[in-house]
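Working notes, beginning with the structure itself.
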Amino acid sequence: MSDLISGVDNMSVTEAKSGGNDAGRIAEVKAWLTSQFDAAGKDVPEFEYTPRSIAHLYNLAAASQAKTQAANIVANDFRQKAVEYRAQAARIREILENVGLAQESLPSNVVSSAQVLANVANFLNIRDTELSSFLVAMGDLSLRKTGVEEKRAKVQKESKILLDYTRKAIARLTYLKRTLAQLEDDVPPCEAQMENWKTNLAVMASKERQYLQQYSNYKALLNRVGYTQDISHGMLVEMAEHRQDLEKKTKPIMDTLRSYQDLPPDKALATLAIEDKKRQYAAAEKYLEDVLQSALATTD
């Protein structure tokens, strides 16, 4: 029966797709809409017949007619089966009446038991009241019951796992909410600290530019006065120490020169004394230059 319905449905849809011209389709659609709304006791609403709407309604009408035809076939089959069942029931009733087992002549408890037996047979979906059929049906019912219980246990286990996951998720959500609230509380102090850092950063940037400008100025000044990388603080300290040593060594000579201011006014003796002091002074200067050159060489 299902194959027949599917065949009719597919055939109707194919015919709908390969139908006649648009005018014929519009007429069929109007007739189908009129029949459907008349059956419901309503008027067909006004709408615009476009190619798209006509195609959709035509396919819908074809599918509806196919379903209606299939339903009529199934209904006719059920009617025929009902007639056959009534005829069979009449024959069985006649046979029971002939053997004295009519329903009216049976006790009420027997009728009730037979009705219960029929209900159980219908419930177990069996067509006879044989003991073997009941046993097979009960076995099948037990198997299905076992399968249902297994599925129920599996579902309960999965539900327990999901419940555990849900509890963990709720706990995690609570922790995240608490963390979020704490972070939101920390936002104003952090924003204030960031503003302070921004202000300090601007001041430091200004100072950096100022220091770079001063560095450039000092570098230019050192270049103008002839400063080189060889002249360092340690070298200047060492030269100052050598200068002090030379001053100590030349101090006696300078004292001697000053004592010559008291020489007698003898021109010849004064000239000799002056020449001698000049030689000593020149030797002292040469010694000083040697010491300076030696210090410079050692520094290099």
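The values are calculated or read from the model by the stated rules, or taken from the named source; none is laboratory data. Worth saying up front: this structure is predicted, and the values here are computed from it rather than measured. Backbone-built Cβ (ideal geometry, glycine too); neighbour counts: all protein chains shown. Please note that ligands, DNA and RNA were not included when accessible areas were found on the heavy atoms of the full protein model with its side chains. Shrake-Rupley method; radii C 1.70, N 1.55, O 1.52, S 1.80 Å.
Couple of notes before you dig in:
- Residue in region 97-109 that is nearest to Phe134 (Cα to Cα), counting only those that are assigned to a helix (DSSP H, G or I) and at pLDDT below 75: Gln103
- For the residues Ala82, Ala153, Ala89, the requirement of being small (Gly, Ala, Ser) and either within 60 Å of the chain's Cα centre (by Cα) or not assigned by the TED database to the domain that holds Gln36 (or both) singles out Ala153.
- Filtering region 44-58 to residues that are closer than 14 Å to Arg25 by Cβ and open to solvent by 70 Å² or more (accessible area, probe 1.4 Å) leaves Tyr49, Pro51, Arg52, His56.
- Flag if Phe123 is open to solvent by 70 Å² or more (accessible area, probe 1.4 Å), within 30 Å of Leu141 (Cβ to Cβ) and either under 57 Å from the mean Cα position of the chain (by Cα) or acidic (Asp, Glu) (or both): yes
- The listed residue being open to solvent by less than 80 Å² (accessible area, probe 1.4 Å), out of contact with any Asp or Glu (no Cβ under 7 Å at 6 or more places or on another chain) and at pLDDT below 85, out of Val291, Val225: Val291
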